[in-house]
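A.B. asks: After the structure tokens below, expect a handful of questions from me.
Readers should treat all values here as calculations from the given coordinates under stated rules, not as data from a laboratory. Model, not experiment: these values are computed from the prediction. All Cβ positions, glycine included, derive from the backbone under ideal geometry; neighbour counts span all protein chains shown.
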Amino acid sequence: MTDNLISYIESLGVSRLGFFGAKSVVPNNWKELEYGISFSIKLSEPIVDDIKSGPSKTYFAHYRSVNYHINEVSLKIVLYLQKMGFKAVPIPASQTVSEKNEISGVFQHRTAATLSGLGWVGKSGMFIDDKLGPSVRLGTIFTNMKLPSASPVRSGGCGSCRICVESCPAMAIEGKEWKAGMERNELYDARACSDYMKEAYKDIGRGVVCGICMSICPKNHTSNK
């Protein structure tokens, strides 16, 4: 049954796929969903290469298109699981749920990806795929279908590198190496990042994301030339 699920998900064009035990991290209202699926979609290399000094309108459109695609893939996986008789919940590709003046989502996709053994969280707070680098967008699904759990990644692989810290125009990155369980604000100031993007790139479009830390990261395979 698991092999059939893997084959189906891979047929949807995902770049990478992993499973994880979700019992300790799934939101309380979905406690019966003790397993998780994490997948990634690789971004266009030429578009990412163009970001070096800031986002372009092409990158903004691509970012939104990939998010839409991830939501479509997630929905198809959920429908497939339901047809098999299981319960499942997709986490939106990009959704902000602000509480007490804090910018956050329903669940952090990077947490699912690290638990699935796909990579680590960089000093910038972005997820870094151990094979594809940071130029990916992530999808997450919780389900009650029993799935084989991968070995989680528990620490970062950035070492002494500080390129993202020194390149961040919002000066929002603290420069600390990530470890599992670390609070996001120990890595970077999400409010400072968001406020800077809204002001500096408002001509590109509402909800624009910077992407500089992703584009200049040495782990980005598009930069290893």
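A.B. asks: Specify the longest stretch of the chain that does not include any exposed loop site, a site being one of the GluC sites (Glu not before Pro) with a non-H, G, I, E, B DSSP assignment and at most 16 other Cβ atoms within 10 Å.
C.D. replies: 33-173
A.B. asks: A further question follows. Taking neighbour counts of Cβ atoms within 10 Å as a proxy for exposure, in what order, fewest first, do 214, 1, 145 appear? If you can, show how the numbers build up before the last one.
C.D. replies: Numbers: 214 26, 1 10, 145 19.
Going from sparsest to densest Cβ surroundings: 1, 145, 214.
A.B. asks: How far apart, in nm, are the 7 Å Cα→Cβ label points at residue 53 and residue 154?
C.D. replies: About 4.5 nm, to one decimal.
A.B. asks: Quick one: which residues, 5+ away or cross-chain, put their amide H under 5 Å from the amide H of residue 130? H built at 1.01 Å from N.
C.D. replies: 119, 120
A.B. asks: If a helix is a whole DSSP H run, which ones in the chain reach 30 Å or further along their own axis (Cα) and hold a mean Kyte-Doolittle hydropathy of at least -0.5? Write out the running numbers ahead of the final one.
C.D. replies: Numbers: long enough: 57-83 (39 Å, -0.24).
In the chain, the long hydrophobic H runs are 57-83.
A.B. asks: Using the eigenvalues of the Cα gyration tensor, what equivalent ellipsoid semi-axes result for segment 2-216 when each is taken as the square root of five times the eigenvalue, whole Å, largest first? Walk me through the numbers before you get to the answer.
C.D. replies: Values: eigenvalues 163, 71, 55 Å².
Computed over segment 2-216, the values are 29, 19, 17 Å.
A.B. asks: Okay, next question. Subtract the Cα-Cα distance of residue 174 and residue 29 from 0.36 nm times their separation in residues, and report this length gain in nm to one decimal. Mind showing how you got there, number by number?
C.D. replies: On the way: separation 145, 0.36 × 145 = 52.20 nm, distance 3.30 nm.
This chain segment gains 48.9 nm when fully extended.
A.B. asks: For segment 1-146, what does the relative contact order come out to in percent, with C-alpha contacts under 8 Å and a separation of six or more?
C.D. replies: The normalised contact order for segment 1-146 reaches 33 percent.
A.B. asks: Also, I was wondering about something else. If each of residue 185 and residue 167 carries a label point 7 Å out from its Cα toward its Cβ, how far apart are those two points in nm?
C.D. replies: Placing both labels 7 Å along Cα→Cβ, they lie 2.8 nm apart.
A.B. asks: Further question on the same structure: Output wanted: per-residue J couplings in Hz (rounded whole) for segment 23-32, from phi through Karplus 6.51 cos²θ - 1.76 cosθ + 1.60, θ = phi - 60°, x for Gly and Pro.
C.D. replies: Couplings: 3, 8, 10, 5, x, 4, 6, 10, 4, 6 Hz.
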